[in-house]
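What follows is a single structure, written as structure tokens, with notes after it.
The values are calculated or read from the model by the stated rules, or taken from the named source; none is laboratory data. Remember, it's a predicted structure, so these values are computed and weren't measured experimentally. Positions of Cβ are generated from backbone atoms using ideal geometry, with glycine treated the same way; all protein chains shown enter the neighbour counts.
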Amino acid sequence: MASEPVNVNEFQELAKQVLPKMYYDFYTGGAEDQFTLKENVEAFRRITLRPRVLVDVSRIDMSTTVLGYKISAPIMIAPTSRHQLAHPEGEVATARAAAASNTIMILSYSSTCTVEEVASSCNAVRFFQLYVFKRRDISDQIVQRAEKNGYKAIVLTVDAPRLGRREADIKNKMISTQLKNFEGLISTELDSDEGSNLEAYVRAVYDDSLCWEDVIGWLKSITNLPILVKGILTHEDARKAVEVGVAGIVVSNHGARQLDYTPATISVLEEIMRSKSLNSMED
């Protein structure tokens, strides 16, 4: 680019220029027809502001708290995988950025840096994203490592019992890089005659039988950390999450990478927040 990027769109264009097509498509792609991917952006564009004038703005404080931790603005770093595909320092660099910005980083379970490497890199407040494997002992071990290394919450992702059909990854024959957190615990290099290597990996290891009555109770039995549930899109599921005693929810459609033709996240936020059951949540 002729000049330094100054907004997200320009950073994306720069990434397109420097990343291999397979990796760029992996980061930016959505599921199926990518309707929800487009709608995630368009829904924000339909929201307009009603500015008020002659208000004292000489002092502005955008800080808030999440689970009691103060952050500089209501913006956190969501769990996204395989950062080393874009930069050699991977999630360690992301954690340092979180610390510098005084916000919370949710480390992806499929990080290309280990739980321990990220924990030792800086003093950022960190949560850990969890997928539950068919082998519960492996999920148990990673939760214990996160707790031991100072992660402050477990963010259970619940909207991916099967991997979304990401057509760009299928066309590119996207291969799964070694997942550092699971070295020696499970094979993370799988071959597949059809689809992507990522699809084969998910089919082999994810527990697609999870249900409310099972997973939250099990998770509470192995950790004292607060549990957040990520992937809620309806007020019914939001109420259910409160009923089973989670500490918070993350309203998310998985960046439109799972089930296409779901609503944009921002469009269901009001419905979920009006759920009376959420009044019992602290944040």
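Brief remarks on what is shown
- Residues of segment 28-47 that are of a type outside the set (Asp, Glu) and assigned to a helix (DSSP H, G or I): THR28, PHE35, THR36, LEU37, LYS38, ASN40, VAL41, ALA43, PHE44, ARG45.
- Checked against the criteria, SER81 counts as polar (S, T, N, Q) and either under 14 Å from the mean Cα position of the chain (by Cα) or crowded, with 19+ Cβ neighbours inside 10 Å (or both).
- Condition met for ALA31 (in contact (Cβ under 8 Å) with a residue 60 or more places away in the chain and surrounded by 10 or more Cβ atoms within 10 Å (Cβ to Cβ)): yes
- Residue within segment 40-51 that is under 30 Å from LYS171 (Cα atoms), modelled with pLDDT of 95 or more and crowded, with 16+ Cβ neighbours inside 10 Å present: yes
- One residue from GLY150, GLY184 being of a type in the set (Gly, Ala, Ser), under 23 Å from ASP207 (Cα atoms) and surrounded by fewer than 18 Cβ atoms within 10 Å (Cβ to Cβ): GLY184
- VAL8 vs. criteria under 29 Å from SER267 (Cα atoms) and β-branched (Val, Ile, Thr): yes
- Leading residue by the ranking (nearest to VAL229 (Cα to Cα)) among those in segment 70-93 that are outside any loop (DSSP other than H, G, I, E, B) and touching a strand residue (DSSP E or B) at 6+ places or on another chain (Cβ under 8 Å): ILE77
- Check on ASP56, charged (D, E, K, R), surrounded by 10 or more Cβ atoms within 10 Å (Cβ to Cβ) and assigned to a loop (DSSP other than H, G, I, E, B): no
- Of the helices (runs of 4 or more DSSP H) entirely within segment 94-193, those holding at least 3 residues that are more than 19 Å from the chain's Cα centre (by Cα) and touching a residue at least 24 places away in the same chain (Cβ under 8 Å) occupy 136-148, 167-172.
- Evaluation of THR65 against the conditions (1) without any contact (Cβ under 8 Å) to a residue 60 or more places away in the chain; (2) in a strand (DSSP E or B) shows that the sole unmet condition is (1).
- Residue check for ALA43: touching a residue at least 12 places away in the same chain (Cβ under 8 Å) and over 21 Å from ILE266 (Cβ atoms): no
- Residue ID - nearest to the chain's Cα centre (by Cα), chosen from residues in segment 11-27 that are in a helix (DSSP H, G or I) and touching a residue at least 40 places away in the same chain (Cβ under 8 Å): TYR27
- Residue check for ALA99: more than 26 Å from ILE222 (Cβ to Cβ), aliphatic (A, V, I, L, M) and either surrounded by fewer than 18 Cβ atoms within 10 Å (Cβ to Cβ) or modelled with pLDDT of 95 or more (or both): yes
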